[in-house]
Amino acid sequence: MDRSITLTYTDLRGVIAPGELEERCRQAAPILSRAVAGDPQYAGFTGWRTVDESAGPDRVAFLQQQARRVRQDADAFVTIGIGGSNQSSRAAIKALRPQDGPAMLWSGNTISAREMADTLARLDSYKSVYINCIAKNFETLEPGIAFRVLRQYLERRYGEQEAAKRIFATGTPGSTLHQLCKDHGYTFLTFPERVGGRFSVLSDVGLFPMAVAGIDIAAVTDGMRMMRDRIFAQPAEENIALRYAAIRKLLLEKGYAMEMLAFFEPRLDFFAKWWVQTFAESEGKDDTALYPIVSSNSEDLHAVGQYVQQGRPILFETFLTVAERDASVRIPPEAKKDYFDYLTGKDFWDINNAARKGTFAAHSQRGIPCLEFTIPAIDAHTLGQLYYYFIFSCYLSCELLGVNPFDQPGVEAYKHQMFRLLGKY
Ligand code: PA5
């Protein structure tokens, strides 16, 4: 099976003129070369670039071994973290739905009292609970307080010594989280110094919870390496990552304000959330950038679909299409008159594909520029490719915009107001 991802662009109104994209890619060739070679300007943030520095085979084997210990004993595993620290593993686990591991729960991604109360109540129904707190510098409020509550919960249930065996923390070496682990015997995993939150899928941060859930993380990292090699080898005009970044930039310049990621497999919902975070938090600076939004179809066709077809033409659409059939459910014959006989014998898979093709046709005929990524399947290898692909494209896209891909100064504004209200200063 051909495992590669393809990208096509359909633009019935000629919003991007013939040759314009190629020209833009040629102009951006130095940006691509710098990113591929490792730009010294971002040396402190691109530890993920080679894949092997933060997620090489030895590290993968180590994480698999740690995960085996958890899987042998745990029937529930809570990942504590927010933003880049929890999105990537949750996206993969929700997309791949591994069946034979512990129940996977998430905490520290909200301050909702109800959520925390429900998590604690839910954990009571499991015999053996493990937790993994992920925080780069352990200064973020959400994971900080969730970790406190959940580790005390484990201590109450199992006693301090046994609880310590059930606690993993992923942080920067030398951080207060590291010290906490040393002082109390928790297992410490590494949040690589040169990798920021939303780029951390290529590290212990993303890979350890995936491994605990039962995902083949060697396949994930193989997919990442395959995409890395492809991006590193392709010349600018044909480069799949640069073409995407350049199309986005051209459409932004031509007045499009939003990019909508559209897909017809709801198990990609959390992957889409990761995609939104990657682009919004990296690009949304200096009063520029596309606003990333999502349409999980066919459900959202019955909601935002109306706006897309007839509302203000401010968005373009990026379809994520799955090529390989992965399930089959046929519509049975029916004696009772429900007027759906034209579908008898047809498969949900094919009906869903007709909805996707119909949506693509209707939206592109309206004049909406449509990109389409065709992925071979929703599996570990393909997700690995997608993670690397979008991270790298996002980096290039930020370079085209002229914004720093790796910081997020705007996030501090709400924190400042919240801390004032909480009496921190
Ligand atoms: O991408 C990012 O850097 C952010 O989304 C962070 O991951 C998020 O704010 C959580 O930070 P931390 O891991 O330090 O708690």
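Readers should treat all values here as calculations from the given coordinates under stated rules, not as data from a laboratory. On a predicted model such as this, the values are computed, not experimentally measured, just so you know. Here the Cβ is made from the backbone with ideal geometry for all residues, glycine too, and neighbour counts use every protein chain on show.
What FRET efficiency do you get for residue 165 and residue 103 if R0 is 25 Å and r is their Cβ-Cβ distance, rounded to the nearest 0.05?
That gives a FRET efficiency of 0.85.
If you stretched the chain out fully between residue 340 and residue 183, how much longer would it get, using 0.36 nm times the residue separation minus the C-alpha to C-alpha distance?
50.0 nm
Sort 300-313, 168-181, 81-94 for me by packing, meaning the mean count of neighbouring Cβ atoms within 10 Å per residue, highest on top.
81-94, 168-181, 300-313
Hey, rough spin-label estimate for residue 114 and residue 413, points 7 angstrom out along Cα→Cβ, what's it come to in nanometres?
Simple spin-label model gives 2.8 nm for this pair.
Write out the trypsin sites (Lys or Arg not before Pro) in region 123-193 meeting two conditions: DSSP loop, and at most 13 other Cβ atoms within 10 Å of their Cβ.
Passing both the DSSP loop test and the Cβ count: 127.
Where does the chain land on Rg(C-alpha)/(2.2 N^0.38 Å)?
With N residues counted in the chain, Rg over 2.2 N^0.38 Å equals 1.03.
DSSP beta bridges in the chain, what fraction antiparallel, as a percent rounded to 5?
Of the beta bridges lying entirely in the chain, close to 15 percent run antiparallel.
Put a dot 7 Å past each Cα toward the Cβ at residue 1 and residue 257; how far apart are the dots in nm?
It works out to 4.1 nm between the two label points.
Identify the residues of region 381-396 with backbone N under 20 Å of a label point that sits 7 angstrom from the Cα of residue 238 along the Cα-to-Cβ direction, or state none.
Counting only backbone N, you get 389, 393.
For residue 12 paired with residue 69, estimate the spin-label separation in nm (one decimal), with each label point 7 Å from Cα along the Cα-to-Cβ line.
That separation, rounded to one decimal, is 5.9 nm.
Along the positive direction of the dipole of the chain (beta-carbon charges: Lys, Arg +1; Asp, Glu -1; about the Cα centre), which of 169, 247, 381 reaches farthest?
About the Cα centre, the residue reaching furthest to the positive side is 169.
Rounded to whole Hz and in sequence order, give me ³J(HN,Hα) for region 182-189 from the Karplus expression 6.51 cos²θ - 1.76 cosθ + 1.60, θ = phi - 60°, writing x for Gly and Pro.
Running phi through 6.51 cos²θ - 1.76 cosθ + 1.60 with θ = phi - 60° gives 5, 5, 10, x, 7, 6, 9, 10 Hz.
Can you order the peptides 225-236, 37-48, 393-404 by their average number of other Cβ atoms within 10 Å per residue, highest first?
Answer by packing, highest mean first, reads 393-404, 225-236, 37-48.
Restricting to lysine pairs 8 or more places apart or on different chains, what number in region 277-425 have Cα atoms under 25 Å apart?
Count of close lysine pairs: 5.
Using the alpha-carbon centroid of each, what span in Å lies between region 19-87 and region 211-283?
When both Cα centres are located, 12 Å separates them.
Taking square-rooted eigenvalues a ≥ b ≥ c of the alpha carbon gyration tensor, is region 302-346 rounded, prolate or oblate, where a/c under 1.5 means rounded and, failing that, a/b exceeding b/c means prolate?
Note, shape of region 302-346 comes out oblate.
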